[in-house]
Amino acid sequence: MILEPLAAVDGALPGHLLTEVTELYASNREFFALSGDFPDPDDIRIEQVAKTLADELAEPGAEVLLARSRGELVGIALTLARHPDPTDPDPWIGLLMVDAVRQRAGFGRELTALVEQRFRDQGRAAVRLAVLENNPKALRFWTALGYLVIGHRADRARHRPCAILRKPL
């Protein structure tokens with residue numbers, strides 16, 4: 001698996017990449033039904049994904065990493081070098097998603113390991129993330145990878161209840 005940072009070209013995200021990411025997002029209907037990130041999880045549109053990714057990339061220290069296996073997009077990771085809360089020293093994984101057809105094949109574990117290694121290479125000591133309280137499947141995934149629940153709070157964007165997890169690197 002290789003990670004490919006997503007970058008704007010002449011101020012816009014490349015159309016072919018947006019199409020791939022939109023297909024990946026659409027394959028994860030179950031997650032987007034839980035999260036409410038899109039108005040209709042059965043009709044995720046390229047314009048919505050473009051805006052979501054542009055908003056993510058506008059955050060200081062944010063990265064969108066596309067995960068490819070044999071040339072095909074199998075996952076995506078959105079990371080933050082630093083949480084907006086100045087008392088939080090750790091980088092964050094804002095989203096890690098694998099194409100629904102490819103789930104349970106090790107891609108999520110591999111993508112997570114690559115993201116963690118990027119943070120280790122930057123000299124970071126730990127990584128954090130938030131899991132929606134209504135997503136026990138995701139909580140099981142992260143705790144199986146060694147992440148520990150360190151607290152509970154609402155997320156910044158939509159005030160949804162979340163478990164906050166942390167893993168020393």
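Quickly estimate the mean residue ellipticity at 222 nm for the chain, helices only: each DSSP H run with n ≥ 4 gives -39500 (n - 2.57), and the total goes over all residues, rounded to 500.
On the way: 5 runs with 57 residues, N = 169.
Result for the chain: -10500 deg cm²/dmol, rounded to the nearest 500.
How long are the semi-axes of the ellipsoid equivalent to the chain, from square roots of 5 times the Cα gyration tensor eigenvalues, in whole Å, largest first?
Values: eigenvalues 102, 68, 59 Å².
Gyration-tensor ellipsoid for the chain: 23, 18, 17 Å.
Packing-wise, with mean Cβ within 10 Å as the measure, how do 48-61, 106-119 rank, highest first?
Values: 48-61: 14.9, 106-119: 17.5.
Going by the mean number of other Cβ atoms within 10 Å, highest first, we get 106-119, 48-61.
For the range 1-43 and the range 98-158, what is the separation of their Cα centres, given in Å?
Taking the Cα centre of the range 98-158 as reference, the centre of the range 1-43 is 18 Å away.
Treating only the Cβ atoms of Lys and Arg (+1) and Asp and Glu (-1) as charged, compute the dipole magnitude of the chain about its Cα centre; round to the nearest 20 debye.
760 debye
Tell me the label-point distance for the pair A7, L148, using the 7 Å Cα-to-Cβ offset, in nm and rounded to one decimal.
With each label placed 7 Å out from Cα toward Cβ, I get 3.8 nm.
Just the number, please: carbon plus sulfur as a percent of the accessible area of the chain, 1.4 Å probe, no ligands or DNA/RNA counted. Display every interim value, and only then the final one.
On the way: 4830 of 9010 Å².
Heavy-atom surface of the chain belonging to carbon and sulfur, 1.4 Å probe: 54 percent.
Looking at the chain only, what percent of DSSP beta bridges run antiparallel? Nearest 5 please. It would help to have the intermediate numbers written out before the result.
Details: 32 of 34 bridges.
Taking every DSSP beta bridge within the chain, about 95 percent pair in antiparallel fashion.
Taking H placed 1.01 Å from N in the peptide plane, check which residues at least 5 places from L13 or on another chain put their amide H under 5 Å from its amide H.
Close amide H contacts, sequence-distant or interchain: none at all.
Just the accessible area per residue of the chain, please: how many Å² with a 1.4 Å probe? Write out the running numbers ahead of the final one.
Details: 9010 Å² over 169 residues.
Value returned for the chain: 53 Å² of accessible area per residue.
So, counting K/R as plus one and D/E as minus one, what does the shell of residues with Cβ under 13 Å around Q122 add up to?
Working: positive: R82, R118, R120, R124; negative: E63, D90, E116, D121.
After counting each charged neighbour, the total is 0.
Please report the net charge: other residues with Cβ closer than 14 Å to the Cβ of W92, K and R +1, D and E -1. Intermediate values should be presented prior to the final figure.
Details: positive: R82, R118, R124, R128, R153, R156, R166, K167; negative: E56, E59, E63, D85, D88, D90, E116, D155.
Computed value for this residue: 0.
What does the convex hull of the Cα atoms of the range 120-162 come to per residue, in Å³, rounded to a whole number? The partial results should precede the final answer.
Values: hull volume 3.9 nm³, N = 43.
So the per-residue Cα hull volume is 90 Å³.
Give the residue from T52, N135, A62 lying farthest towards the positive end of the charge dipole for the chain; charges sit on Cβ (+1 for Lys and Arg, -1 for Asp and Glu) and the dipole is referred to the Cα centre.
Value: N135.
In sequence order, what are the phi-derived ³J(HN,Hα) couplings for the range 136-147 according to the Karplus relation 6.51 cos²θ - 1.76 cosθ + 1.60 with θ = phi - 60°, rounded to whole Hz, with x for glycine and proline?
Values per residue, Gly and Pro as x: x, 4, 5, 4, 5, 4, 5, 5, 5, 8, x, 7 Hz.
Could you go through the range 22-34 in sequence order and give the Karplus-derived ³J(HN,Hα) for each residue, using 6.51 cos²θ - 1.76 cosθ + 1.60 with θ = phi - 60°, rounded to whole Hz, and x for Gly and Pro?
Each residue's phi maps through the Karplus curve to give 4, 5, 4, 4, 4, 5, 9, 3, 4, 5, 6, 5, 6 Hz.
Starting from the Cα of Q117, step 7 Å along the direction of its Cβ; do the same at E72; then give the gap between the two resulting points in nm.
In this crude spin-label approximation the distance works out to 2.2 nm.
The values are calculated or read from the model by the stated rules, or taken from the named source; none is laboratory data. A quick note: this is a predicted structure, and the numbers were derived from the prediction, not measured. For neighbour counting, all protein chains shown are included, and Cβ atoms are generated from backbone atoms with ideal geometry for every residue, glycine included. For the accessible areas, the whole protein counts, side chains as well, though only heavy atoms, and no ligand, DNA or RNA atoms are used. Shrake-Rupley method; radii C 1.70, N 1.55, O 1.52, S 1.80 Å.
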